[in-house]
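Novice: One structure coming up, written as structure tokens, with questions to follow.
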Amino acid sequence: MLPRDGAGLAHHTVADLPQLLPPGALLVVNDTRVVPARLLGHKASGGRVELLLTRPFATPGADLQGHEALARASKALHIGQELALEGGGTATITAVLGQGVVRVDLGGFADLAALLAACGHVPLPPYIRGGKEQPDLDRPRYQSTFAQTPGAVAAPTAGLHLSTELLAALAAAGVTVARVTLHVGPGTFLPVRDPDLRKHRVLPERAEISEQTATAIGQARAQGRPVIAVGTTTTRTLEAAAQRGDGVVQPGRFDADLTILPGHRFQVVDGLLTNFHLPQSSLLVLVSAFAGRERVLAAYAAAVIAGYRFYSYGDAMLLLPGAADIP
């Protein structure tokens with residue numbers, strides 16, 4: 001735990017959250033659900049191809065047509081090429097967009113949900129068994145307990161720490177929970193390659209905030225109760241919504257296109273529960289913008305010494321607000 005008001009860090013377990021969060025805090029989680037958006041197949045020549053649908057439910061009307069995907073193949077793909085997918089589906093290349101991105105029309109099933117159920121794999125990070133899925137293990141484990149809206153290609157991993165029992169304990173301690181949806185895309189994990197952070201942009205991701213959640217956030221802020229975001233995806237959703245609404249979180253669907261850099265004035269989020277992130281990632285940049293680069297890096301150094309785990313199934317850090325951080 002690292003307070004934002006300059007106090008020293010302390011070591012706890014996630015089970016301590018009901019005692020660490022102040023009564024009346026509003027905990028906001030991301031309820032996106034990871035879909036099996038990784039498709040494996042082969043060309044007519046037999047060459048292997050892997051496709052990762054980047055926004056699987058972005059255009060419900062089109063359903064099987066016009067999907068953008070990250071492609072991996074031994075040789076370049078070309079327009080008109082038809083791929084046979086494992087599980088019985090097909091994918092036809094309709095455009096080559098560059099930088100490994102193609103557009104495909106899918107076929108062989110009545111709709112996208114049916115195709116993904118039969119042909120799709122959970123898009124695990126490569127450091128988990130080399131990205132190779134074990135369906136019975138990974139499909140339930142690579143989801144938060146409150147995941148409900150399908151559309152993500154990666155899990156919002158801070159939410160994986162919250163069991164149903166812990167959520168019940170938080171409620172008993174006077175902490176309320178609200179939900180937003182941000183469908184995590186591969187752009188979140190693109191490394192920051194330019195030394196000038198202002199030139200890096202996180203790709204837009206689809207977001208939705210309900211009327212109930214917008215009201216809960218407005219009430220918490222009016223009453224001086226802290227808003228605690230679970231994960232950088234929730235943080236980005238809330239701050240992007242506030243930017244769109246002149247400081248007020250409004251309900252609705254939108255593309256969250258905000259890149260949070262040092263100097264960002266946080267308008268909604270007072271505290272943050274987040275996993276430990278990789279160097280040169282936009283996620284670490286966001287956390288540094290929230291709590292200060294030097295303090296965050298010092299906390300990371302302490303985490304390394306203590307043997308904390310990084311990556312998706314790793315440990316977490318709680319950044320709590322000081323009195324001056326709550327409106």
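The values are calculated or read from the model by the stated rules, or taken from the named source; none is laboratory data. All figures in this text were calculated on a predicted structure; none of them were measured in a lab. Cβ coordinates were reconstructed from backbone atoms using ideal geometry, including for glycine residues, and neighbour counts include every protein chain displayed.
Novice: Counting only residues that are closer than 18 Å to PRO204 by Cβ and surrounded by fewer than 23 Cβ atoms within 10 Å (Cβ to Cβ), how many does the stretch 36-61 have?
Specialist: Qualifying residue count for the region: 7.
Novice: Looking at (1) assigned by TED's automatic domain parsing to the domain that holds THR213; (2) without any contact (Cβ under 8 Å) to a residue 40 or more places away in the chain, which is the only condition LYS75 fails?
Specialist: Failing condition for LYS75: (1).
Novice: In the stretch 90-129, which residue that is surrounded by fewer than 13 Cβ atoms within 10 Å (Cβ to Cβ) and not assigned by TED's automatic domain parsing to the domain that holds GLU68 is nearest to ALA154 (Cα to Cα)?
Specialist: Selected residue: PRO126.
Novice: Give just the number: which of (1) at pLDDT 95 or above; (2) in contact with a strand residue (DSSP E or B) (Cβ under 6 Å, 6 or more places away or on another chain); (3) over 28 Å from SER210 (Cβ atoms) does VAL28 not satisfy?
Specialist: (3)
Novice: Is the stretch 272-290 home to any residue that is in contact with an Asp or Glu (Cβ under 8 Å, 6 or more places away or on another chain), in contact (Cβ under 8 Å) with a residue 40 or more places away in the chain and of a type in the set (Val, Ile, Thr)?
Specialist: No, every residue in the stretch 272-290 fails to be in contact with an Asp or Glu (Cβ under 8 Å, 6 or more places away or on another chain), in contact (Cβ under 8 Å) with a residue 40 or more places away in the chain and of a type in the set (Val, Ile, Thr).
Novice: Quick check on the stretch 7-16. Is at least one of its residues among the charged types (D, E, K, R) and either assigned by TED's automatic domain parsing to the domain that holds LEU318 or crowded, with 18+ Cβ neighbours inside 10 Å (or both)?
Specialist: Scanning the stretch 7-16 turns up at least one residue that is among the charged types (D, E, K, R) and either assigned by TED's automatic domain parsing to the domain that holds LEU318 or crowded, with 18+ Cβ neighbours inside 10 Å (or both).
Novice: Of the numbered conditions (1) modelled with pLDDT under 95; (2) assigned by TED's automatic domain parsing to the domain that holds VAL28, GLN134 fails exactly one; give the number of that condition.
Specialist: (2)
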